[in-house]
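Read the structure below first, then the notes.
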Amino acid sequence: VKDQGKNHYQFYDSNMSALAEYRIHLETSLYRALHEHQLLLHYQPQVDVQTGDIIGLEALIRWQHPQEGIIGPNTFIPLLEETGLIMPVGEWALYSACAQRQQWYQQRNLPPYTSISVNLSVRQLLSGNIVHTVKKVLSVTGLAPQLLDLEITESMLMEDIKFAIQELGHLKKLGVSISMDDFGTGYSSLSYLKKLPIDTVKIDRSFIEDLPNDVDAASIVRAIIGLAHSLGLNVIAEGVENERALAFLKSLGCDYCQGYLFSPPLVADELLIKFNKLKHQ
Ligand code: C2E
Ligand code: CA
Ligand code: CA
Ligand code: CA
């Protein structure tokens, strides 16, 4: 038994150092990724439930790894946050998304009102620099502030709620809009909805995926939409994958939808093709 315990420990230990090694490796590669332009954005349309029009695009980061191909953000965003690399990467994403939106618009590929949504991490929001950064990006790209939407998650606000509210207020004064991402997954959603200067609530995919069959999810979604609307907020449902979910959301008066039913996130060129297809449907 003792031996087994020891072996078990050694196994665990060597695993741990392998993990640590892997993380250092990953960190170095991510640093290189940023500087060697291996990071890119995919774009996913946000659709008006009533008209079917595309009203916005969400920018989602990807890593085009030289050996491993395209890597999604769930594997590397946490590490970017821990190491602080999220600051330059986040600023790159913000700038690139706004610049892309402007380029499409200037080439007359997008209607003038199409907004661009960019995800912000907690580090960025609480850095003390975010207002300056957003102002700079708007001025360099020439994007109208009304067309920029910043997505934040509720859990990240809790780290310093007072400062978060203050910074969000300053951002709102610039004219940009704020969306509460992954809504429903945090623990104090309801009490903060009123206090936070936000425009839109994005209902988390976990509540949407089993609609309309899951009666609990259906009740929660109904309640969120009712509450958001009574506070004067817009609602986007994320992760809409089928017509039945869409029909149900429409019946509840949900404003906007996003999900594979309309389009997965796509690279810029593909997105444009998709956009024209959806437009002519
Ligand atoms: P999120 O903001 O909640 O983004 C939605 C995620 O759901 C995306 O995953 C998207 O590809 C996926 N998705 C969209 N529609 C559907 C659907 O119909 N079904 C299913 N099953 N999934 C769908 P992705 O691109 O892997 O992004 C994961 C998370 O990474 C994002 O979650 C966001 O929190 C974070 N992220 C992405 N880009 C950035 C960025 O530039 N900065 C920061 N700070 N975070 C980012
Ligand atoms: Ca998001
Ligand atoms: Ca989300
Ligand atoms: Ca989510």
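Nothing in this text is a laboratory measurement; each read-out follows from the coordinates by a stated rule. All of these numbers come straight from a predicted model, not from anything done at the bench. All Cβ positions, even for glycine, are placed from backbone atoms using ideal geometry, and neighbour counts span all protein chains on display.
A Gaussian network model of the chain, with springs between Cα atoms under 10 Å, assigns the largest mean-square fluctuation among Asp181, Asp48, Asp214 to Asp214. Dipole magnitude for the chain: about 720 debye, using +1 per Lys or Arg Cβ and -1 per Asp or Glu Cβ, origin at the Cα centre.
Computed over the chain with a Gaussian network model linking Cα atoms closer than 10 Å, the most mobile of Ser179, Ser230, Ser96 is Ser230. Converting phi to 3J(HN,Hα) with the Karplus coefficients 6.51, -1.76 and 1.60 and the offset θ = phi - 60°, the stretch 41-57 yields 10, 9, 10, 10, x, 10, 10, 6, 4, 6, 9, x, 6, 7, 10, x, 10 Hz in sequence order, with x at every glycine or proline. Can you spot the aspartates and glutamates whose alpha carbon is less than 16 Å from Lys250's alpha carbon? Ignore those fewer than 8 places along the same chain. Candidates past the 8-residue exclusion: Asp48, Asp53, Glu209, Asp210, Glu238, Glu241. With neighbours defined as other Cβ atoms within 10 Å of a residue's Cβ, the residues Tyr43, Tyr31, Tyr105, Tyr113 order from fewest to most as Tyr113, Tyr31, Tyr105, Tyr43. Pairs from the list Lys136/Lys195; Lys136/Lys172; Lys136/Lys173 with a Cα-Cα gap above 18 Å: Lys136/Lys195. The aspartates and glutamates within cross-link reach of Lys135, meaning a Cα-to-Cα straight distance under 20 Å and a gap of 8 or more places when in the same chain, are Glu58, Glu91, Asp149, Glu151, Glu167, Asp199.
May I ask you to list, by number, the DSSP H helices of the chain whose Cα span along the axis is at least 15 Å and whose average Kyte-Doolittle hydropathy reaches -0.5 or more? Correct list, ordered by number: 86-106, 130-141, 161-174, 215-230, 268-279.
Considering the options Gln67, Tyr95, Gly186, tell which one lies farthest towards the positive end of the dipole of the chain, charges being +1 on Lys and Arg and -1 on Asp and Glu at the Cβ, about the Cα centre. Of the listed residues, the answer is Tyr95. At full extension, Leu272 and Tyr95 could sit 61.8 nm farther apart than now, given 0.36 nm per residue minus the alpha carbon distance.
Peptides 51-57, 200-206, 77-83, 235-241, ordered by how many other C-beta atoms sit within 10 Å of their residues on average, highest first, read 235-241, 200-206, 51-57, 77-83.
Only DSSP H runs of four or more residues enter the estimate; each adds -39500 (n - 2.57), and after division by the residues of the chain the mean residue ellipticity at 222 nm equals -15500 deg cm²/dmol. Looking at the chain as a GNM with Cα springs under 10 Å, which of Ala223, Ala59, Ala99 has the largest mean-square fluctuation? Checking each option, the largest mean-square fluctuation is seen for Ala223. Subtracting the Cα-Cα distance of Ser251 and His25 from their residue separation scaled by 0.36 nm leaves 76.4 nm.
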